[in-house]
1. In nanometres, what is the gap between the two model label sites at residue 58 and residue 20, each 7 Å from Cα along Cα-to-Cβ?
2. Ratio of Rg to Rh for the range 27-137, alpha carbon only, Kirkwood?
3. Can you give me the distance in nm between label points at residue 184 and residue 13, each placed 7 Å from the Cα along the Cα-to-Cβ direction?
4. Report the full-extension gain for the segment residue 149 to residue 122: residue separation times 0.36 nm, less the Cα-Cα distance, to one decimal in nm.
5. Give 29/163; 105/142; 29/171; 25/65; 140/163; 22/162 a once-over and call out the pairs whose C-alpha atoms are over 27 Å from each other.
6. Hey, what do the phi angles of the range 41-47 turn into as Karplus ³J(HN,Hα) couplings, whole Hz, using 6.51/-1.76/1.60 and θ = phi - 60°, x for Gly and Pro?
7. Determine the share of the range 69-171's accessible area contributed by carbon and sulfur atoms, expressed in whole percent, with a 1.4 angstrom probe.
8. Under a 5 Å amide H to amide H cut-off, with H placed in plane at 1.01 Å, what residues pair with residue 40 once short-range neighbours are removed?
Amino acid sequence: MARIESDQRGADDNLYVEFYSKPVKQEFKSQEAGRPIFEDVMYVKIHTPSDQLTIIDTIARDDHKARFPRQWAHFQNTHAEKSPIIGTPLSEWPLLTAAQAEELKAFKFYTVELLAAANDQQLQKIGMVAGISGYSLRDKAKSFLNLATQSAEESKRDEEMKKLREENATKDAEIAKIKAETDAKLAQMQEQMAAILAAVGEKKPKSRTKAETEIEES
């Protein structure tokens, strides 16, 4: 890519700046879907020509776009018709070889989702891909997505059941703890009551027998 001068004067004029997008795996969405999910993320690469040790390669922010307006405008103009990639890239689909994935990309099929949603007219244009018909590939793509969805749902249910069991175990532990504390307090109260009754019994005067009473009166 030819260098495009920045609008800014000074140090930025000596920088080589390139905006580009690359598919980045979305871990949370991948876990939810049960298959690798990628989305295009905008990046910017900044470095000084002849200096290969100092290169900034990071996610593009609004201040990057404002700082390098010409480079940003160039990227927008050259990628205006390209739709962002969202889904499972064909390169991440184990069914296809790298060559088959590249062949399908030539027909603008970048993800398994796009292939699964292809209509008959689009598949007729594809024809055979390394000995596999487009219709067969579409069916396999649909099966892959369905199985991934089922697997994700089962995994989610298993996770929910595990969480429920953990919550029940926690509740059971809390109940057992409360019962143990209650039993300990009850035992302590019984000991205190027994001690009180014993003390009262010691202070109470002994009852005299009839013989003792008669001797005392005589």
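1. That separation, rounded to one decimal, is 1.9 nm.
2. Values: Rg = 18.2 Å, Rh = 16.8 Å.
Using only Cα positions, Rg/Rh for the range 27-137 is 1.08.
3. The answer from the label model is 7.9 nm.
4. Working: separation 27, 0.36 × 27 = 9.72 nm, distance 2.50 nm.
Result for the pair: 7.2 nm of gain on full extension.
5. 29/171; 140/163; 22/162
6. 10, 7, 10, 9, 10, 10, 7
7. Values: 3450 of 6730 Å².
Whole-percent figure for carbon plus sulfur exposure: 51.
8. The answer is 24, 85.
The values are calculated or read from the model by the stated rules, or taken from the named source; none is laboratory data. On a predicted model such as this, the values are computed, not experimentally measured, just so you know. As a convention, Cβ positions derive from the backbone with ideal geometry for all residues, glycine included, and neighbour counts pool all protein chains shown. These accessible areas exclude ligands, DNA and RNA; they are computed on the full protein's heavy atoms, side chains included. Shrake-Rupley method; radii C 1.70, N 1.55, O 1.52, S 1.80 Å.
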